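Before any comments, here is the structure.
The values are calculated or read from the model by the stated rules, or taken from the named source; none is laboratory data. A quick note: this is a predicted structure, and the numbers were derived from the prediction, not measured. All Cβ positions, glycine included, derive from the backbone under ideal geometry; neighbour counts span all protein chains shown.
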Amino acid sequence: MNILITGGAGYIGSHLVEELSKKNKIIVIDNLSTGFKKLIFKKIKFYKLDIRNTNKLKNIIYREKIDTIIHLAAKLSLQESQRKLKQYKSVNIDGTKSILEAIKVSNVKRLIFSSTAAVYSGNKNVSCSEKLKPQPTNVYGQTKYAAENLIRSFSKQNRLKSVILRYFNVVGASKSGKIGPIKDYNQLFKILSKVTLKKKSIITVYGKNHKTKDGSCIRDFIDINDIVDIHTSILKKFHKLKNIETLNCGYGQGISVLKVIKTFSQISKKNIKIKFVKKRSNEISNVFAQNNKIKKILNWQAKYQDLNLIVNRCLKWEKKITYGR
Ligand SMILES: NC(=O)c1ccc[n+]([C@@H]2O[C@H](COP(=O)([O-])OP(=O)(O)OC[C@H]3O[C@@H](n4cnc5c(N)ncnc54)[C@H](O)[C@@H]3O)[C@@H](O)[C@H]2O)c1
């Protein structure tokens with residue numbers, strides 16, 4: 001396949017590029033606003049471009065004979081989205097419109113879209129099924145859900161097969177050891193990776209009386225290598241899929257924040273001090289994906305669901321980017 005990956009220089013995108021370039025022609029477009037060119041191998045064709053530049057997008061799709069697009073480019077900080085509504089609408093909604101407009105005059109037949117569990121933020125369900133009507137409460141979730149809907153209605157009206165993936169919390173680094181997360185989105189695993197390299201390791205935890213066993217929040221953390229695996233599987237099975245599919249990507253069970261901290265502490269052999277602060281408002285205590293659908297449709301099984309292994313890779317990666325080893 002000739003695959004265009006938007007946002008391919010980002011965390012998830014670069015992992016997809018690494019794996020999918022083994023068997024496909026990969027073209028990356030990214031404006032490098034939160035991505036890093038060094039995460040992509042030199043042999044990959046790269047265009048520094050904003051997805052909202054529809055004309056240039058059309059030209060690239062035509063010139064590179066693209067037949068499949070994986071659309072990851074987005075703004076994705078939940079907190080920032082509340083302050084920068086305009087920017088989030090522009091990149092996440094108008095950016096997706098621009099891609100669909102370019103697809104319309106092209107030979108692109110397949111689209112995979114990276115959506116998020118944040119679309120369920122207002123649903124108040126512990127276990128989220130794709131059957132729920134999403135009620136996103138934050139701007140990030142709202143703009144991603146709006147983009148999902150644009151894709152659904154475009155696919156209905158045009159000959160485009162679309163798979164919408166709702167990732168839960170993606171964590172970890174590549175099994176190759178060559179790439180991993182650089183940008184810090186206030187993400188627990190990334191913060192802990194950095195914290196363990198400091199002289200004094202301290203982490204802030206929001207609330208200690210959530211309605212969970214140990215009082216800390218529980219989240220469905222999915223290893224990046226399983227996310228890559230899901231994309232590979234979709235690319236193989238596209239012809240068997242319905243015209244529009246929406247699939248949760250998670251392990252179907254959560255891990256508590258305190259358990260994650262404990263694991264980082266044990267593996268890094270660092271005493272991590274916990275500073276408890278007030279709960280964040282509207283924070284759901286316990287949320288995980290219902291994943292029966294993706295298991296059934298793709299015959300998917302998690303291969304990398306091993307907290308110790310994930311933490312090990314995170315720590316190795318952080319040392320590599322901090323000390324160059
Ligand atoms: N990381 C997670 O846990 C997670 C969870 C759910 C969903 N997602 C989704 O996965 C996708 C990728 O997220 P990520 O974690 O790799 O984040 P990231 O910030 O590392 O990657 C996003 C990439 O998109 C690029 N980009 C942003 N705006 C652009 C624009 N206007 N034009 C061109 N490129 C642009 C950035 O430079 C960056 O390389 C996003 O769509 C996000 O909503 C991520």
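A few remarks follow.
- Just one of the listed residues (T96, T54, T68) is surrounded by 17 or more Cβ atoms within 10 Å (Cβ to Cβ) and more than 12 Å from the ligand (Cβ to nearest atom), namely T68.
- Subset of the range 151-177 (residues that are charged (D, E, K, R) and either within 16 Å of the ligand (Cβ to nearest atom) or buried (at least 22 other Cβ atoms within 10 Å of the Cβ) (or both)): R166
- Residue satisfying condition, being without any contact (Cβ under 8 Å) to a residue 60 or more places away in the chain and within 11 Å of the ligand (Cβ to nearest atom), within set A146, A118: A118
- Odd one out for I60, checked against (1) more than 11 Å from the ligand (Cβ to nearest atom); (2) over 27 Å from R159 (Cα atoms); (3) surrounded by 15 or more Cβ atoms within 10 Å (Cβ to Cβ): (2)
- Meets criteria (under 30 Å from K316 (Cα atoms), more than 15 Å from the ligand (Cβ to nearest atom), not small (G, A, S) and not assigned by TED's automatic domain parsing to the domain that holds H71) for K183: no
- Entry remark, the range 1-43: residues being among the hydrophobic types (A, V, I, L, M, F, W, C) and within 7 Å of the ligand (Cβ to nearest atom) number 4 in total.
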